[in-house]
């Protein structure tokens with residue numbers, strides 16, 4: 001008998017959308033707007049890369065984007081742990097009809113985000129050069145461009161921190177379309193500003209000349225790569241303001257009261273205890289990529305030949321599409337799991353994770369095949385250099401189809417975080433990445449001096465092994481009994 005028949009009558013209307021009705025349809029309807037928002041977010045990032053690729057001497061700019069994306073991702077993912085914990089707590093309390101608990105969790109999570117924003121913003125403003133040149137071992141003009149870009153983007157990291165948090169609060173309450181709207185709006189603003197700030201009054205590629213008169217009238221200077229950073233910062237800040245208004249003024253949302261911003265240590269500790277393993281898990285993934293970049297810089301590039309780094313930077317942006325689609329379905333799974341556990345519907349919660357993972361596998365197979373079939377055209381869209389094309393195609397050939405496995409791990413991991421079970425996900429990824437992938441990669445590059453293609457195989461193998469581990473643990477269902 002379908003468990004929705006015995007659903008508690010006191011469940012809030014927002015929660016009812018997740019606890020009632022055909023599950024596959026409900027997950028698809030809830031998750032698709034989130035996935036579309038993530039796809040558009042990544043698509044606009046690819047447009048950023050395309051626009052920078054049309055600048056004179058674009059190689060250093062493309063390489064700088066690859067480095068800075070991963071560095072800023074560390075800060076973003078730490079904040080994402082708070083968002084993950086917030087979704088788990090709010091959705092569980094929403095399913096149990098605890099409106100006061102929802103308010104506390106929502107506003108106290110924003111207090112935590114403000115603290116993270118301050119710390120990482122200071123690092124971005126004052127430590128950008130050290131991070132790029134010393135930690136990431138960037139060289140020459142690439143280091144110059146990356147340092148300026150990082151100062152703006154990481155110095156203004158409050159924008160992505162609050163955007164992630166506000167959309168998480170909306171999603172946890174069942175408002176997936178509002179969350180997707182904010183993501184889409186931010187990227188549309190980013191795209192529009194790119195035309196002005198990257199090229200300014202200077203020459204523009206064919207098709208972008210329309211922005212020149214506007215830039216001239218507004219006296220907008222040509223900022224090139226740094227202009228892309230400012231566009232991103234502004235494009236994230238405006239949706240933050242709108243999101244805060246949506247939550248604060250909504251009749252059904254967590255009402256704002258000044259007292260809710262006073263630190264509540266029990267609430268803050270609860271969010272941090274749930275959130276830190278999730279942050280650490282994704283930091284592990286990003287740190288692995290940073291290690292790959294550092295190894296490529298140290299072993300496969302020179303000051304005069306950055307082709308391997310440029311190719312890998314392009315592929316990282318393409319890979320972000322796969323990761324973000326998985327995060328979209330994972331976000332849907334997280335909300336369904338949390339609300340259904342809160343409502344006492346454990347079997348429905350578990351099935352939701354499997355269904356979201358299945359949807360994601362279908363998306364990933366299509367994406368992976370497209371990358372394989374049109375690898376030359378896709379990479380050549382950004383850089384037609386023969387060496388860049390060769391390295392990029394080698395990467396996609398070895399890693400592309402493993403995106404389906406990557407997605408399974410991401411979705412099931414986030415599904416478990418919806419129950420508040422974050423430590424198990426961290427342990428699984430730690431074993432796969434720290435125990436296997438990084439040592440193997442280091443041996444390949446530093447000890448044996450093997451070709452970079454062998455390193456690419458280790459990335460694909462890591463995706464598959466992690467997916468198998470997540471499937472095994474998720475099937476056991478222990479996360480359903482997690483107490484919050």
Open item on the list: Could you check the stretch 328-360 and list, in sequence order, the residues that are modelled with pLDDT under 85 and either surrounded by fewer than 24 Cβ atoms within 10 Å (Cβ to Cβ) or not in a helix (DSSP H, G or I) (or both)?
Closed with: 343
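Determine, yes or no, whether residue 365 is in contact with a helix residue (DSSP H, G or I) (Cβ under 6 Å, 6 or more places away or on another chain) and modelled with pLDDT of 90 or more. Even if it seems obvious, please write down each step before you answer.
Details: in contact with a helix residue (DSSP H, G or I) (Cβ under 6 Å, 6 or more places away or on another chain): yes; modelled with pLDDT of 90 or more: yes.
Spelling it out, residue 365 is indeed in contact with a helix residue (DSSP H, G or I) (Cβ under 6 Å, 6 or more places away or on another chain) and modelled with pLDDT of 90 or more.
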Task: For residue 285: the one exception among (1) within 20 Å of the chain's Cα centre (by Cα); (2) modelled with pLDDT of 80 or more; (3) buried (at least 17 other Cβ atoms within 10 Å of the Cβ) - done: (2)
Open item on the list: Take residue 280 and tell me if it is farther than 21 Å from residue 452 by Cα, in a helix (DSSP H, G or I) and under 24 Å from the mean Cα position of the chain (by Cα).
Closed with: yes
TODO: Go through the residues of the stretch 414-421 one by one and say whether even a single one is surrounded by fewer than 19 Cβ atoms within 10 Å (Cβ to Cβ), part of a helix (DSSP H, G or I), on the phi < 0 side of the Ramachandran plot and in contact (Cβ under 8 Å) with a residue 24 or more places away in the chain.
DONE: no
Open item on the list: Can you pull out every residue in the stretch 125-154 that is surrounded by fewer than 18 Cβ atoms within 10 Å (Cβ to Cβ) and out of contact with any helix residue (DSSP H, G or I) (no Cβ under 6 Å at 6 or more places or on another chain)?
Closed with: 126, 127, 130, 134, 135, 140, 144
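So that you can scan it fast, the table gives a plain yes or no per residue for (1) surrounded by fewer than 24 Cβ atoms within 10 Å (Cβ to Cβ); (2) in contact (Cβ under 8 Å) with a residue 60 or more places away in the chain:
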site: 117; (1), (2): yes, no
site: 123; (1), (2): yes, no
site: 156; (1), (2): yes, yes
site: 171; (1), (2): no, yes
site: 175; (1), (2): yes, yes
- [ ] Answer yes or no as to whether residue 322 is in contact with a helix residue (DSSP H, G or I) (Cβ under 9 Å, 6 or more places away or on another chain), in contact (Cβ under 8 Å) with a residue 40 or more places away in the chain, assigned to a helix (DSSP H, G or I) and surrounded by fewer than 21 Cβ atoms within 10 Å (Cβ to Cβ).
- [x] no
- [ ] Select from the stretch 465-484 the residues that are surrounded by 15 or more Cβ atoms within 10 Å (Cβ to Cβ) and modelled with pLDDT under 85 and write down the one among them that is nearest to residue 435 (Cα to Cα).
- [x] 482
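Give the stretch 448-472 a look and list any residue that's in a helix (DSSP H, G or I) and out of contact with any helix residue (DSSP H, G or I) (no Cβ under 6 Å at 6 or more places or on another chain), or say none. Walk me through how you get there before you give the answer.
Filtering the stretch 448-472 for residues in a helix (DSSP H, G or I) gives 452-472.
461, 468, 471, 472, listed by residue number.
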TODO: Examine the stretch 217-233 for a residue that is more than 22 Å from residue 155 (Cα to Cα) and in a helix (DSSP H, G or I), and state whether such a residue exists.
DONE: yes
- [ ] Look through the stretch 77-108, keep the residues that are within 21 Å of the chain's Cα centre (by Cα) and surrounded by fewer than 24 Cβ atoms within 10 Å (Cβ to Cβ), and return whichever of them is nearest to residue 226 (Cα to Cα).
- [x] 77
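The values are calculated or read from the model by the stated rules, or taken from the named source; none is laboratory data. Note that the coordinates shown come from a computational prediction; the quantities given were computed from them, not determined experimentally. Glycine gets a Cβ as well: all are built from the backbone with ideal geometry, and neighbour counts include every protein chain shown.
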